[in-house]
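Since the structure comes first, as structure tokens, the remarks are kept for the end.
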Amino acid sequence: MFFIDDIQSLVTGSWDKTLRYWDGRTPNAQATVPLPERVYCLDVTYPLAVLSTADRSIVIYDLRKPTQHYKHFPSPLKHQSRCIAAFPD
């Protein structure tokens, strides 16, 4: 769960295989993005959201186009990712 000042949203990834963008002033999600698998870890550094899923995939979203994935590739690691970090550079 991350709050991004630049887009005024809260981003959550879930085990129900969704990525959701929330506005704290409303009870419903601004956008819901279906994912191929459950989200294990998520990090946001504007303008990118990087997440790892249960099928050992890394999915990157550009927050300027939040419902379209930017890049999707298999993790180069042998085991499941439990932590991921995005760096601005």
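The values are calculated or read from the model by the stated rules, or taken from the named source; none is laboratory data. Here the structure is a predicted model, which is why all the values come from computation and not from measurement. Neighbour counts run over all protein chains shown; Cβ positions are idealised from the backbone, glycine included. Heavy atoms of the whole protein, side chains included, go into the accessibility calculation; ligands, DNA and RNA do not. Shrake-Rupley method; radii C 1.70, N 1.55, O 1.52, S 1.80 Å.
If you take all other residues with their beta carbon under 12 Å from the beta carbon of Thr18, and give Lys and Arg +1 and Asp and Glu -1, the sum is +1. Shown for the chain: the carbon plus sulfur share of the solvent-accessible area, taken with all protein chains present and a 1.4 angstrom probe, equals 53%.
Could you work out the local net charge near Val39, counting Lys and Arg as +1, Asp and Glu as -1, over the other residues with Cβ closer than 15 Å to its Cβ?
Values: positive: Lys17, Arg20, Arg38, Arg56, Arg82; negative: Asp16, Glu37, Asp43, Asp55.
Net of charged neighbours comes to +1.
Rolling a 1.4 Å probe over the protein heavy atoms gives the chain an accessible area of 65 Å² per residue.
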